[in-house]
Amino acid sequence: MASADGVDPRPIGVFDSGVGGLTVAAALMRRLPHESILYLGDTARLPYGTKSPQTVRRYTEKNVSFLLQRGVKAVVVACNTASALALDDFPAPVPLWGVIEPGVDAAIARTRGRVGVIGTESTIRSGAYPRALCRRRPELEVRSQACGLLVPLIEEGWHDDPVTAEVAGRYLAPLHDAGVDTLVLGCTHYPLIKPLLQRLAGDGVALVDSAEVMAETVARAVADGRIRPAPDARPQHHLCVTDAGPHFQRIAGAFLHHPASLELVEV
Ligand code: DGL
């Protein structure tokens, strides 16, 4: 619980289906260096991106309950698929954010009129990004592309690999032909291959991922008192996974640049 001196040592909860949300966790660690992060990677049930809205909602409810039971003071749903499919009227006793709006904010700030969106099949099928983009700027041209094979390749750790480059190149071709100037990485796994995607998209295309904007959103909530800040001490980061695949710890270690303990959990 929050203490009388106005600080709150409880962690900020972050979840994704796998390693992808670590991109958001890492941005939070950079932006709010005293806040502890409790990360849940639902690796046993990955991928979410091919599942129905009902199933993704059920998993999301379980993951949020898990984080709340562990005593988090806020929840970041660092999974585009869960954010797109499961957060309407989502009840939560603590501040809770999804990653769609931060991604849309960043895209709107950068685009000259043509936006490409890549994501999982379920996220693209939901239409969440074009809806949110056109609500804000109806004149935008939005092209979406589902990229079903990228998540497995990224979970496999093939981040700078000719196979991944070949696959990603095929997915990006129609967006390139459509002349998009801004590309929304509508899956939290994709920033892990950002250099590759930037190379394929070309220097003139702005790549947008929601991690930095999400971290800014949470920092604002700390600044305006919706969340009390952590004490001025070394944070404790903790990673939970529902299945201990061989790649998670390696990718987490390489990517987070912060020590974090790892625990196998059931949700
Ligand atoms: N990282 C997740 C997202 O942002 C999806 C990966 C999966 O399919 O589970 O959509």
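Structure values in brief
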| item | result |
| --- | --- |
| Among (1) touching a Lys or Arg at 6+ places or on another chain (Cβ under 8 Å); (2) open to solvent by less than 10 Å² (accessible area, probe 1.4 Å); (3) within 16 Å of the ligand (Cβ to nearest atom), the one test that Tyr59 misses | (2) |
| Hits in segment 216-234 - residues which are open to solvent by less than 70 Å² (accessible area, probe 1.4 Å) and at pLDDT below 95 | Thr217, Gly225, Pro231, Ala233 |
| Answer residue from segment 110-157, given it is without any contact (Cβ under 8 Å) to a residue 24 or more places away in the chain, charged (D, E, K, R) and more than 16 Å from the ligand (Cβ to nearest atom) and is least open to solvent (accessible area, probe 1.4 Å) among those | Arg131 |
| Enumeration of residues in segment 241-254 that are farther than 21 Å from Phe66 by Cα, open to solvent by less than 60 Å² (accessible area, probe 1.4 Å) and touching a residue at least 40 places away in the same chain (Cβ under 8 Å) | His247, Ile251 |
| Segment 14-52, residues that are out of contact with any Gly (no Cβ under 6 Å at 6 or more places or on another chain) and β-branched (Val, Ile, Thr) | Val19, Thr23, Val24, Ile37, Thr50 |
| Residues that are closer than 19 Å to Thr23 by Cβ and more than 16 Å from the ligand (Cβ to nearest atom), drawn from segment 176-204 | Thr182, Pro195, Leu196, Gln198, Arg199, Leu200, Ala201 |
| Sole exception among (1) under 14 Å from the mean Cα position of the chain (by Cα); (2) touching a residue at least 60 places away in the same chain (Cβ under 8 Å) for Asp181, by number | (1) |
| Filter pass, Pro102 being surrounded by fewer than 24 Cβ atoms within 10 Å (Cβ to Cβ) and modelled with pLDDT under 95 | no |
| Condition check for Pro91: modelled with pLDDT under 95, open to solvent by 20 Å² or more (accessible area, probe 1.4 Å) and more than 22 Å from Ala44 (Cβ to Cβ) | yes |
| Single residue of segment 80-105 satisfying the filter (more than 15 Å from the ligand (Cβ to nearest atom) and either aromatic (Phe, Trp, Tyr) or under 18 Å from the mean Cα position of the chain (by Cα) (or both)) that is farthest from Gly225 (Cα to Cα) | Asp88 |
| Ala84 buried (at least 24 other Cβ atoms within 10 Å of the Cβ) and farther than 21 Å from Ile251 by Cβ | yes |
| Hits in segment 30-56 - residues which are assigned to a helix (DSSP H, G or I) and open to solvent by less than 10 Å² (accessible area, probe 1.4 Å) | Val56 |
| Of all residues in segment 158-168 being modelled with pLDDT under 95 and open to solvent by 80 Å² or more (accessible area, probe 1.4 Å), the one that is nearest to the ligand (Cβ to nearest atom) | Trp158 |
| Qualifying residue in segment 16-29 (condition: farther than 20 Å from Glu263 by Cα and either open to solvent by 20 Å² or more (accessible area, probe 1.4 Å) or not in a helix (DSSP H, G or I) (or both)) | no |
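The values are calculated or read from the model by the stated rules, or taken from the named source; none is laboratory data. Owing to the predicted nature of the structure, the values given are computational and were not obtained by experimental measurement. All Cβ positions, even for glycine, are placed from backbone atoms using ideal geometry, and neighbour counts span all protein chains on display. To get the accessible areas, we keep the full protein, side chains included, count just its heavy atoms, and leave off ligands, DNA and RNA. Shrake-Rupley method; radii C 1.70, N 1.55, O 1.52, S 1.80 Å.
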